[in-house]
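Only one structure is covered here, and it is reproduced in the block below.
The values are calculated or read from the model by the stated rules, or taken from the named source; none is laboratory data. Everything numeric in this text was worked out from a predicted model, so none of it was measured. Glycine gets a Cβ as well: all are built from the backbone with ideal geometry, and neighbour counts include every protein chain shown. Areas reflect the complete protein model, heavy atoms only, side chains present, ligands, DNA and RNA absent. Shrake-Rupley method; radii C 1.70, N 1.55, O 1.52, S 1.80 Å.
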Amino acid sequence: MDMGHAAVPPETAGVISAIVLAAGTSTRFGATKQLLELNGKPLVQHVVDTAVVAGVDEVVVVLGYDADAVRAALVVPPIGRVVGNPRYEEGQSTSIEAGLAACDPESEGAVVLMADQPGVAPEHLAELIERFSEERRPITRLRYRDGPGPALLAQEIWSEISGLTGDVGARELIAGRPERVHEVPVDADSPPDVDVPGDEARL
């Protein structure tokens, strides 16, 4: 056996953050959908717990509309914290910006999760993080059979979020520079989100 060349372990990601967007006004749903109970837990709790199980290093939950009620219902994990977005009425882009600003300065990337999409599987998020550590692309995104899923944004492009306005998110960054994106295929349909009354039945 040749012992002259030690194997070089693959590069691994440092701090990986998760941002859970839970600041929306739930206008179409008619109530604070973040608090909708599913299997004994509010929707937002399912998303937070999924991020923890997937192996992120920190979870930042961004609150806005009905913040006191959502915070009271939420069990924040030891690696988690809650931040407020006073500009939540201006759209999703402001919540992403608030979440990124609250991340650990050592964070190398942040996966953006929606509080109304509790069906994202932790094993898929774990694979997303693993692929990011291998590829080191500006944007790494899950690709379900029927459409895109959550994206992990490398720290180097966080400043671009401040250039977005309104109710837009990572998809706007992807649309502008698709060559920066590494997609991770998932052999499943995208999990449903909750927008209007009755959507919860699909969960």
Q) Taking segment 111-156, which residues are in a strand (DSSP E or B), in contact with a helix residue (DSSP H, G or I) (Cβ under 6 Å, 6 or more places away or on another chain) and touching a residue at least 60 places away in the same chain (Cβ under 8 Å)? A) Val112, Leu113, Leu152
Q: Tell me which residues, restricted to segment 87-101, are farther than 21 Å from Leu128 by Cβ and either more than 13 Å from the chain's Cα centre (by Cα) or open to solvent by less than 50 Å² (accessible area, probe 1.4 Å) (or both).
A: Arg87, Tyr88, Glu89, Glu90, Gly91, Ser93, Thr94, Ala98, Ala101
**Q.** Of residues in segment 155-203 being open to solvent by less than 60 Å² (accessible area, probe 1.4 Å) and farther than 27 Å from Gln34 by Cα, the one modelled with the lowest pLDDT
**A.** Gly176
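Taking the residues in segment 32-45 that are outside any helix (DSSP H, G or I) and touching a residue at least 40 places away in the same chain (Cβ under 8 Å) as candidates, determine which candidate is surrounded by the most Cβ atoms within 10 Å (Cβ to Cβ).
Leu36
I'd like the residue in segment 46-79 that is part of a helix (DSSP H, G or I) and out of contact with any strand residue (DSSP E or B) (no Cβ under 9 Å at 6 or more places or on another chain) and, out of all such residues, is most open to solvent (accessible area, probe 1.4 Å).
Our first condition is that a residue be part of a helix (DSSP H, G or I); within segment 46-79, this holds for 46-54, 67-73.
Filter again for out of contact with any strand residue (DSSP E or B) (no Cβ under 9 Å at 6 or more places or on another chain), leaving 53, 68-69, 72.
Values: Val53: 109, Asp68: 134, Ala69: 36, Ala72: 87 Å².
The residue in question is Asp68.
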Q: Of all residues in segment 8-23, count the ones that are at pLDDT 85 or above and either open to solvent by 30 Å² or more (accessible area, probe 1.4 Å) or part of a helix (DSSP H, G or I) (or both).
A: 1
